[in-house]
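Everything on this sheet refers to the single structure shown next.
The values are calculated or read from the model by the stated rules, or taken from the named source; none is laboratory data. As the structure is a computational prediction, the values presented were derived from the model and not from experiment. No Cβ is skipped: glycine too gets one built from the backbone with ideal geometry, and neighbour counts run over all protein chains shown.
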Number of protein chains: 2
Amino acid sequence: MNYTKITGGVTAAKGFLAGGVHVGVKSSNKSKKDVCIIVSTSLAAVGGVFTQNKFAAAPVEWCRQVVAGGVAKAIVANSGCANACTGALGLTNAETMADLAAVKLGAKKEQILVASTGVIGHQLPMEKIQAGITKAAESLSESGGSQAAEAIMTTDTYAKESALQYEYEGNIITIGGIAKGSGMIHPNMATMFAFITTDAAIEPACLQKAVKAAADKSFNMVTVDQDTSTNDTMLVLANGQAKNKAIKTEDQAYQVFLDALTAVAIELAKMIAHDGEGATKFLEVQVQGAKTETAARLAAKAVVSSTLVKAAFFGEDANWGRIICAVGNSEAELDPEKVDIWLESKGGKEKMMASGASLVFDEAKTAEILKERDIKVLINMNDGPGAATAWGCDLSYDYVKINADYRT
Amino acid sequence: MNYTKITGGVTAAKGFLAGGVHVGVKSSNKSKKDVCIIVSTSLAAVGGVFTQNKFAAAPVEWCRQVVAGGVAKAIVANSGCANACTGALGLTNAETMADLAAVKLGAKKEQILVASTGVIGHQLPMEKIQAGITKAAESLSESGGSQAAEAIMTTDTYAKESALQYEYEGNIITIGGIAKGSGMIHPNMATMFAFITTDAAIEPACLQKAVKAAADKSFNMVTVDQDTSTNDTMLVLANGQAKNKAIKTEDQAYQVFLDALTAVAIELAKMIAHDGEGATKFLEVQVQGAKTETAARLAAKAVVSSTLVKAAFFGEDANWGRIICAVGNSEAELDPEKVDIWLESKGGKEKMMASGASLVFDEAKTAEILKERDIKVLINMNDGPGAATAWGCDLSYDYVKINADYRT
C-alpha cells in the first residue's frame, strides 16, 4: 500500500476542526498555549488505549467510559495540570470539563473525551479551564491542528504532527494526528498523549482493535525512561466522512487501515523519542530472528530502556556488553549462543558480537558510527521468525537536570 | 537475638584466611589490588545465588557446578576482566583459575569457586591471573579480609566489610563478609559480589536455603540502576569450626542463623547503595500494609528503581507524584485509594499523600528533610500484613558521567 504524506496533522482528515489557546494553566507566558479542542463535525467512532498505571488520573477514568460507549464528538485537553491523584473533586472536574465543552459544541458530555497533562496532585484551575474551553471553541478551524499540537506540549521542544492519505477501492482515506511527551513509558509525569483523527468509516469494535494493535507497534515501543504516567492516553476518532464502505471485520480493508494508522502512530512515536528529555542521540533497536514476536518486543524494549546502554551511547562508547546484558535481563526466551549484534548509522555498520561471543571490531570505524545522532542497534537471535523495533534516546546530563527540578 | 558487631570481615570467622594482591589485571596502578583468595582451613559447606541474566559469565557457570556439589574450600576472584561473553575459551579459563588455586591450596579444583568482574567480552590475561593466584596464596592470613575486599573493587569508592557474632546454646558463631559493586541490579557491567564466611556448622541444603532467603532481603532489594550483570554472585562458606550442633532442618537454630546472615547481608547491601555510582543521596523505601510480602517487595523496588524518583531526590524535589507513579507501575496488587506516603530523614517527617490523594504539605519542612543525605520513603498500603524494604540512591550528573565512558 502506498501512502502519501500530507500536512494538517489532526485536522488533515475531512470533518475535523481544532483550536488551541493560552489561558495560563501552564505558564503566564502568552506564547504557551494550554487548552485545546479537537472536534468532528459528525459523531465519530472512538477507540482508545490508556496508562496501565494503577493510579490512573481522573480524565483517564472519564475517557474509559466514553470509549466504552463507542462514539464521541470531541477531545478537550489541557497542559499544566494533570488532574491526577486528585480524589473525588478531580473526577468531578474531569466531568465538568467534558460538560463545558459539550455545551459549547452542542454535544452530550458523554461524547466528550478529556485529557490533562502536567504536575500531578494539584486540582485543575477550573475558571481558567472554563475560559480556555470557551476561547478554544471560538478558535476552531480546519487548520487548527498545529494550535492543538502546541497546547498539549509540556517539556516537548517541538510540536509533533503527522498525516497521510491512501486510496482504497476508489476512496481517499486520511489519517492524521498529534502527540506529546515521551512515550507510554514517559519522562516527566508529563504524560504521553496521541490524538489521531481519520475520515475512514469503521465500526467502533474494529477501531478499538486497530488502536490497540497500532499502539503496540508504536507508542508501546518508545521509551525515554521506564516510568509510565498516570495520564498516558491514545485516542482515535473515525467519522466516516471518507464515505468508504464501513470496516466491520478484520478483512483486507481493515488491514490496510491498520497499516496506515500504525504508520502515523510510529511517526509520532519516533518524534517523541527524538525529542526525549535531554536527548543527544536517537536510538532504534531492531530485533530479528526471535522465537516469537513477544520475545523480540521484550528484547528490543529492554535494550532501549537500559540506563547503562543509554549512558554508553551518550558517551559514544561501543559498550556492546551492556546491550547483550540488557537482552539477557529481558524476559525474552533466547539461546545465548546464537545472538549476533551490529551497530549501524550513516557513519557505517560494524558487527560487535557473533554467536553470543565478542568480536574484535574496528574501533575507528565504530567511533564514526557512534558520532551520528541517529543510531541503530541490530540484533539477530537466529532462532525464529519474531521481529520487533523499539525507539529511544540516550541518557544525558540534561535528562538529570530537567528531571531534578521539574516540580519546583 | 543480640548480635555483636566485630571487625575482620570475611576472615572474622574461625578457620578462614584471605589475601589480595596487585598484578595489573585492572590497572597498572600498584595500589590497586586485583586478585584475591579466600580459603577455609577445612572443607566447608557452600551456598550461592547468581545472576538471572541469560548471558551468565563463565565463572558463574563454574560456580553453579561447585555449589551443586555442596562443599568448597576456597574462592578465587579477580577484578578488571569479567570473563563474560568469552565463549569456550572463557569456560576453560574459569576452570584453569580454579585449578591453579587448587594446586596452591592443596585442594581439588571442584572445591574452588571462581569469580571475575570488570569489562565483558575480553579474555582473561591468564599469565597475570596465574601470577596473582601464586602471590595471593603466599599472602594468605587471618587478617587478610580487607585485602580481599580491596581486590574485588571496580568503581567502588571504598571497600565493603561487615561481621558479627552471636551466641547460641553456648557456642559463639561468627559471620563476616565482603562485597563490591552496586546491587544484583547493578551499575557497570562491573557486577555485584558478596562473599560471606561463617564458622557455623550447617548442612549444605540448609545453607543454600538460607543464602537464597538472605539474598532476597538484602542484595535483591538494592538497586542503583535496573540492569543485572552477567556475573552477579553471592557465595557463603560455612566450615563448622564453631563446633555448634550442625543445623540440618529449618528449626530455631536455623532461624537464628538466617537472621544473623541476613543482618550481615543487609549491611553489605546498604553499603553498596550508599556507594552507588555518582550517588549524593541514600534512599530507603519501606513499604508496610501490603496485601502480601511480594506486593511490598515489588512496590519498594519500583520506587527505588524509578529514574524519575531518583532524579527528583538528586534535585531535593518533593515530587511525591513520581513515587506514587512508580508504585502504580509496579506489579504490586494494591488499592490506590488506601495508600499513604511520608518522607523522613534526620531533618524531620512529613506526610505527602493520604488515601491515594495529595496533601498540602509544609514545603519548608520538606526541604529540610530532603537536604539530608539519608532519606526514607515510607509507604503504607493499609491493605494487609506485607512489608519490605529496598535501598538505593539518587540519579546524579556523575552517574551519567561515570557510565558514559566506562569502557574506553
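Structural remarks
- Where B:Ile266 falls short, out of the listed (1) under 16 Å from B:Lys160 (Cα atoms); (2) surrounded by 24 or more Cβ atoms within 10 Å (Cβ to Cβ); (3) without any contact (Cβ under 8 Å) to a residue 60 or more places away in the chain: (2)
- Selection of segment A:316-328 for residues being surrounded by fewer than 24 Cβ atoms within 10 Å (Cβ to Cβ) and of a type outside the set (D, E, K, R) yields only A:Ala318.
- Within segment B:390-408, the residues that satisfy the criterion of being surrounded by fewer than 21 Cβ atoms within 10 Å (Cβ to Cβ) and either outside any loop (DSSP other than H, G, I, E, B) or modelled with pLDDT of 90 or more (or both) are B:Tyr397, B:Asp398, B:Lys401, B:Ile402.
- Residues of segment A:76-94 satisfying the condition of being of a type in the set (A, V, I, L, M) and in a loop (DSSP other than H, G, I, E, B): A:Ala82, A:Ala84
- Single residue of A:Gly315, A:Gly321 found to be within 8 Å of chain B (Cβ to nearest Cβ), more than 23 Å from A:Gly276 (Cα to Cα) and touching a Lys or Arg at 6+ places or on another chain (Cβ under 9 Å): A:Gly321
- Some residue of segment B:64-75 being outside any helix (DSSP H, G or I), hydrophobic (A, V, I, L, M, F, W, C) and closer than 20 Å to B:Thr154 by Cβ: yes
- When B:Ser305 is tested against (1) facing chain A (nearest Cβ under 10 Å); (2) over 23 Å from the mean Cα position of the chain (by Cα), exactly one condition is not met: (2).
Yes or no, residue by residue, for (1) over 21 Å from B:Phe219 (Cα atoms); (2) at pLDDT 95 or above:
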site	(1), (2)
B:Lys14	yes, yes
B:Gly19	yes, yes
B:Lys26	yes, no
B:Ser31	yes, no
B:Cys36	yes, yes
B:Val46	no, yes
B:Ala56	no, no
B:Cys63	no, yes
B:Gly69	yes, yes
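- Flag if A:Lys349 is more than 9 Å from every other protein chain (Cβ to nearest Cβ) and either over 15 Å from A:Cys393 (Cα atoms) or polar (S, T, N, Q) (or both): yes
- Here the condition is being crowded, with 24+ Cβ neighbours inside 10 Å and more than 30 Å from B:Val309 (Cα to Cα); of B:Asp199, B:Asp259, it holds for B:Asp199 alone.
- Total residues in segment A:126-157, condition in contact with a helix residue (DSSP H, G or I) (Cβ under 8 Å, 6 or more places away or on another chain) and of a type outside the set (Gly, Ala, Ser): 7
- Listed by position, the helices (runs of 4 or more DSSP H) contained in segment B:285-377 that have at least 2 residues being assigned by TED's automatic domain parsing to the domain that holds B:Ser218 and of a type in the set (Asp, Glu) form an empty set.
- Members of segment B:104-128 found to be more than 24 Å from the chain's Cα centre (by Cα) and in a helix (DSSP H, G or I), listed by number: B:Lys104, B:Leu105, B:Lys109, B:Glu110, B:Met126, B:Glu127, B:Lys128
- Summed over segment B:343-354, residues that are within 18 Å of B:Ala296 (Cα to Cα) and either at pLDDT below 90 or within 27 Å of the chain's Cα centre (by Cα) (or both) total 1.
- From the options B:Ala273, B:Ala279, residue that is within 14 Å of another protein chain (Cβ to nearest Cβ) and under 24 Å from the mean Cα position of the chain (by Cα): B:Ala279
- Just one of the listed residues (B:Gly386, B:Gly348, B:Gly356, B:Gly392) is closer than 27 Å to A:Gly90 by Cα and of a type outside the set (Val, Ile, Thr), namely B:Gly356.
- Matching residues in segment B:370-399 - criterion: being within 14 Å of chain A (Cβ to nearest Cβ) and under 13 Å from B:Phe313 (Cα atoms): B:Leu370, B:Lys371, B:Gly392, B:Cys393, B:Asp394, B:Leu395, B:Ser396, B:Tyr397
- Of all the numbered requirements in (1) part of a loop (DSSP other than H, G, I, E, B); (2) touching a strand residue (DSSP E or B) at 6+ places or on another chain (Cβ under 6 Å); (3) not assigned by TED's automatic domain parsing to the domain that holds B:Lys73, B:Ala242 misses one, and that requirement is (3).
- Residue match in segment B:225-236 (condition: surrounded by fewer than 24 Cβ atoms within 10 Å (Cβ to Cβ) and within 14 Å of chain A (Cβ to nearest Cβ)): yes
- Residue within segment A:227-239 that is assigned to a loop (DSSP other than H, G, I, E, B), at pLDDT below 95, under 24 Å from A:Ile37 (Cα atoms) and among the acidic types (Asp, Glu) present: yes
- You will find that of B:Leu370, B:Leu334, B:Leu308, the residue that is buried (at least 17 other Cβ atoms within 10 Å of the Cβ), of a type in the set (A, V, I, L, M, F, W, C), closer than 24 Å to A:Ala82 by Cβ and free of Cβ contacts under 8 Å to residues at least 24 places away in the same chain is B:Leu308 and no other.
- Residue count, segment B:352-368 (criterion: within 14 Å of chain A (Cβ to nearest Cβ) and over 20 Å from A:Thr230 (Cβ atoms)): 4
- Hey, B:Val114 over 27 Å from B:Asn2 (Cα atoms), in contact (Cβ under 8 Å) with a residue 24 or more places away in the chain and surrounded by fewer than 23 Cβ atoms within 10 Å (Cβ to Cβ) or not: no
- Residue pairs whose Cβ atoms lie under 6 Å apart, sitting 6 or more positions apart in sequence or on different chains, and linking a residue in segment A:66-94 that is in the same structural domain as A:Ala107 (by TED's automatic domain parsing) and closer than 17 Å to A:Lys26 by Cβ to a partner that is surrounded by 23 or more Cβ atoms within 10 Å (Cβ to Cβ) and among the acidic types (Asp, Glu), are A:Asn78/A:Asp34; A:Ser79/A:Asp34; A:Gly80/A:Asp34.
- If you go through segment B:68-124 and keep only what is among the hydrophobic types (A, V, I, L, M, F, W, C) and closer than 18 Å to A:Val360 by Cα, you end up with B:Cys81, B:Ala82, B:Ala84, B:Cys85, B:Ala88, B:Leu89, B:Val119, B:Ile120, B:Leu124.
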